[in-house]
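Report on the following structure.
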Amino acid sequence: MKQIQWYPGHMAKAKRLIEEKLKIIDVVYELVDARIPESSRNPMMDEITHKKDKILIINKTDLADPSLTKAWMKYYDQEQIPYVLCNSLNDNITQKVYEKTMKVLSHLHQDDINKGKAKRNFKAMVIGVPNVGKSQFINNMAGKNKVKTGNMPGVTKTQTFIKAEHDLLLFDNPGVLWPRFQSQDQAFRLALMGTIKDEILPLDEVVIYGIEYLRKHYPKALEKRYGFMVKDEMTTIDIIDMIGRKRGAIMAGNEIDYDRVFNLFLYDLRNGALGAMSFEKPQ
Ligand SMILES: Nc1nc2c(ncn2[C@@H]2O[C@H](COP(=O)(O)OP(=O)(O)OP(=O)(O)O)[C@@H](O)[C@H]2O)c(=O)[nH]1
């Protein structure tokens, strides 16, 4: 596979906007996808946020493999990186995010007390690569449906400032950063999760990568979802063909409609229809 160069023009602008806003914020919520926690981090995060306090928000935990999530918790504990596990879609996350924020910012709180200042409302900013759930997280924290969400990379556009519960102040325009491509695996993982646009990598290669990964790590998931036995002698293409036949993705002449198979497989994978699974484990 050729080296992927991906640094869209608007990302340079996004970086500048983030740096501008950071001047007045107290803490960065760095959102990542629990299924690929490291691959969905941005390589320039530390450079952009300098010494700002950061909390890693490990989002979409409902879609991730619980045993691998445990391994990541151990890893981040060892690395002394403060984190919160979130399912922004269904859980009430405000309390735990608030508690972690107070813990991480206790030095600011103490400064205020020492200087005899009134308790301030901490200001937070959400930053993350596309499609990790930044808008959903903010909606959840805000307690009302204010931000538009969608399963398409790059939908977050509007800009306002909102008051979340517990008097936390949150920019409702999250900082969108580009993901990194340091290896082929990383690029494929990001493509599988819908973090990069489907046009960036060849869709057939992404789907083949996904099916081979599932076959190795979660073979039962394929069988359960599509209703056929994955036999040892089957090639990846055989599996794709079987999914097509089982799901009726057939064109005239009894040919498999590969575009439909690719799209339905990726839809299933990204939305948890194949079960909770993760695509990366700590090194
Ligand atoms: N299952 C599950 N889905 C989630 C969670 N958080 C967000 N989503 C879904 O993931 C998709 C992307 O969420 P968004 O909030 O639009 O993501 P974003 O990071 O703001 O995306 P961009 O605008 O592309 O930067 C949407 O379909 C959300 O409903 C979660 O914790 N669990």
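The values are calculated or read from the model by the stated rules, or taken from the named source; none is laboratory data. None of these values were measured; they are calculated from a predicted model. Just the protein is used for accessible areas: all its heavy atoms, side chains included, with ligands, DNA and RNA removed. Shrake-Rupley method; radii C 1.70, N 1.55, O 1.52, S 1.80 Å.
For the reader, a short list of remarks on this structure follows.
- Whole-percent pair-distance distribution, where bins are 5 Å wide, for the alpha carbons of the chain: 1, 5, 12, 15, 17, 15, 12, 8, 6, 4, 2, 1, 1, 0, 0, 0
- Here the relative contact order of the chain, from alpha carbon pairs under 8 Å that lie six or more residues apart, stands at 21 percent.
- Shape of the stretch 74-123, Cα gyration tensor, a/c cut at 1.5: oblate
- Contact order normalised by residue count of the stretch 9-172, Cα under 8 Å, 6+ apart, percent: 24 percent
- Relative to the longest principal axis of the Cα atoms of the chain, the long axis of helix 66-78 makes an angle of roughly 40 degrees.
- Gain upon complete extension [Asp232, Glu199; 0.36 nm per residue less C-alpha separation]: 8.7 nm
- Candidates Asp26, Asp112, Asp198: whichever shows maximal mean-square fluctuation once the chain is modelled as a Gaussian network with Cα springs under 10 Å: Asp112
- Angle between the chain longest axis and helix 9-22 axis [Cα atoms, degrees, rounded to 10]: 30 degrees
- The chain - mean residue ellipticity at 222 nm from DSSP helices (-39,500 (n - 2.57) per run, n ≥ 4, rounded to 500): -12500 deg cm²/dmol
- Accessible carbon and sulfur surface of the chain relative to its total accessible area, %, 1.4 Å: 50 percent
- Aspartates and glutamates with Cα under 15 Å of Lys197, excluding same-chain neighbours fewer than 8 positions away: Glu205
- C-alpha long axis of helix 258-270 to longest principal axis of the chain, angle in °: 40 degrees
- Within straight-line cross-link reach of Lys117, lysines at Cα separation under 18 Å, skipping those fewer than 8 residues along the same chain: none
- Cross-link table Lys54/Lys74; Lys54/Lys163; Lys60/Lys100; Lys70/Lys119, entries beyond 25 Å C-alpha to C-alpha: Lys70/Lys119
- Taking all protein chains into account, the per residue accessible area for the stretch 202-270 stands at 56 Å² (1.4 Å probe).
- Largest GNM mean-square fluctuation across Gly194, Gly272, Gly210, computed for the chain with C-alpha springs under 10 Å, falls on Gly272.
- Take the stretch 31-75 with all the other protein chains still there, run a 1.4 Å probe, and you get 39 Å² of accessible area per residue.
- Distant-in-sequence amide H partners of Ser88 (H built 1.01 Å from N, under 5 Å): Lys60, Thr61
- Fraction of beta bridges assigned by DSSP in the chain that are antiparallel (%, nearest 5): 15 percent
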